[in-house]
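Read through the structure below, which is laid out as structure tokens, and then see the notes.
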Amino acid sequence: MITLQKKPGKDFKILNLTDTQLASEEWAEGHKNRAILVNTVTQLVKDVDPDLITVTGDLAWAGEIEAYDGLADLLDSFERPWAPVWGNHDNQGGPEKIEALVERYLAHPFCIYEKGDPAIGNGNYVIAIEEEGRVVEGVIMMDSHDRMPYVNAEGKEEEAWAKIIPGQIEWYRAQVEMLNSLGCRDTTVMMHIPIYAYREAWKAAYKAEKDPVSIAPEQGADPDNWNEGYEGSFGVRYEGICSYPADEGMMDVIVDLGSTKHVVSGHDHVNSFVIPYRGVKLIYGLKTGAGCYWKPELNGGTVLRVTENGVEELWHQYVDVSELL
């Protein structure tokens with residue numbers, strides 16, 4: 001477990017970035033996408049003044065070492081601890097390339113990371129935010145892998161986006177119990193590929209008669225978009241929810257344990273919704289930069305404000321890069 005200290009009487013802010021995902025050639029001096037990413041992250045750090053930066057996957061494209069190094073150097077330049085989990089594109093190169101990448105990242109002075117049990121992935125670890133000897137927030141980082149087989153309704157096996165596997169669910173249970181023993185009553189889970197419950201939450205929360213693509217980002221918090229009981233939801237959904245197609249069981253365990261109040265994922269670049277579902281806020285982190293595909297109006301990061309009672313508030317922090325387009 002990695003421990004970071006929160007100053008008494010002062011908020012601890014987590015800035016989440018996701019899907020930075022530039023190729024090595026995009027990190028060349030003068031490339032527009034590099035300028036967009038550097039400008040975005042620099043402005044976020046200036047505006048938020050985070051105590052911890054997390055990155056929920058797809059940091060670059062598998063094998064593009066120059067891109068991974070460029071991002072790590074950028075994050076190190078702010079002299080704040082930063083912590084990644086891997087996404088499907090990071091994992092596409094296989095466990096050996098991830099292991100080599102981890103060794104490079106652990107050489108960066110501000111990168112905090114633990115490999116964890118290799119039987120359940122690379123990068124299942126816990127960051128404890130501690131104030132005066134008590135853990136006030138546990139950030140549980142989880143590797144959501146790449147792709148896995150799925151048997152469809154016709155009985156045919158196909159490839160699907162991966163899921164949290166049973167061994168990880170048991171590991172998660174053990175981490176929550178360990179944090180409970182340290183007095184921690186509030187945890188946040190961060191991963192790349194969303195869990196199946198994001199699909200259930202959207203279906204329950206969003207008014208079926210409204211076309212989600214027609215909702216502008218500035219209309220995302222309009223209570224008229226959301227069903228009764230979900231008026232606190234906000235954000236947009238401009239593409240499908242690309243979880244594993246069947247329930248992996250993670251949400252039931254989260255609810256049963258009662259510790260995790262926030263789940264943060266990335267993966268779907270033009271989804272930004274936040275929905276309180278079964279007592280847990282399911283969050284799409286705001287995409288950071290122009291890598292792969294994006295919408296400039298959905299550019300920035302996501303902030304979680306931690307007090308002595310855990311995460312008290314979250315919001316998307318937008319960065320306007322129109323002058324760079």
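Structure notes:
- Dipole-positive endmost among PHE273, ASN225, TYR293 within the chain (Cβ charges, Cα centre): ASN225
- Sparse packing (at most 14 other Cβ atoms within 10 Å of the Cβ) combined with a DSSP loop state is found for the following trypsin sites (Lys or Arg not before Pro) in the stretch 1-75: LYS10.
- Area of SER322 that stays accessible when all protein chains are in place (1.4 Å probe, Å², to 10): 70 Å²
- Largest-first ordering by accessible area, 1.4 Å probe, given options SER243, SER77: SER77, SER243
- 15 Å beta-carbon shell around ASN39, net charge (K/R +1, D/E -1): -1
- The residues packed around GLY183, meaning those with a beta-carbon under 15 Å from its beta-carbon, carry a net charge of -4 if Lys and Arg are +1 and Asp and Glu are -1.
- LEU282, LEU182, ranked by accessible area, largest first (probe 1.4 Å): LEU182, LEU282
- Sparsely packed loop sites in the stretch 60-150 (the trypsin sites (Lys or Arg not before Pro) outside DSSP H, G, I, E and B with at most 16 other Cβ atoms within 10 Å) comprise LYS115.
- Accessible-area composition of the stretch 221-325, carbon plus sulfur, in percent [1.4 Å probe]: 45 percent
- Taking a span of 15 Å or more along the helix axis (Cα atoms) and a mean Kyte-Doolittle hydropathy of at least -0.5 as the rule, the DSSP H helices of the chain that qualify are 32-48, 65-76, 95-106.
- Only protein atoms count toward the accessible area here, which uses a 1.4 Å probe; on the stretch 73-138, the carbon and sulfur part of that area reaches 50 percent.
- Net charge contributed by nearby residues that have their C-beta within less than 14 Å of PRO149 (K/R +1, D/E -1): -2
- Each Lys and Arg adds +1 at its Cβ and each Asp and Glu adds -1 at its Cβ; summed about the Cα centre, the stretch 98-160 shows a dipole of about 120 debye.
- Farthest positive-ward along the chain dipole, Cα basis, beta-carbon charges - from LEU314, CYS184, PRO84: CYS184
- In the list [x] 0.94; [y] 1.15; [z] 1.09, the label attached to Cα Rg over 2.2 N^0.38 Å as derived from the coordinates here is [x].
- The spacing between the stretch 52-113 and the stretch 215-241, judged by their C-alpha centroids, is 32 Å.
- On a per residue basis, the chain carries 40 Å² of accessible surface, using protein heavy atoms and a 1.4 Å probe.
- Neighbour count of at most 11 Cβ within 10 Å plus DSSP loop: longest GluC sites (Glu not before Pro)-free window in the chain: 229-325
The values are calculated or read from the model by the stated rules, or taken from the named source; none is laboratory data. As the structure is a prediction and not an experimental result, all values here were calculated from the model. Don't worry about glycine lacking a Cβ; one is built from the backbone with ideal geometry, like all the others, and counts go over all protein chains shown. To get the accessible areas, we keep the full protein, side chains included, count just its heavy atoms, and leave off ligands, DNA and RNA. Shrake-Rupley method; radii C 1.70, N 1.55, O 1.52, S 1.80 Å.
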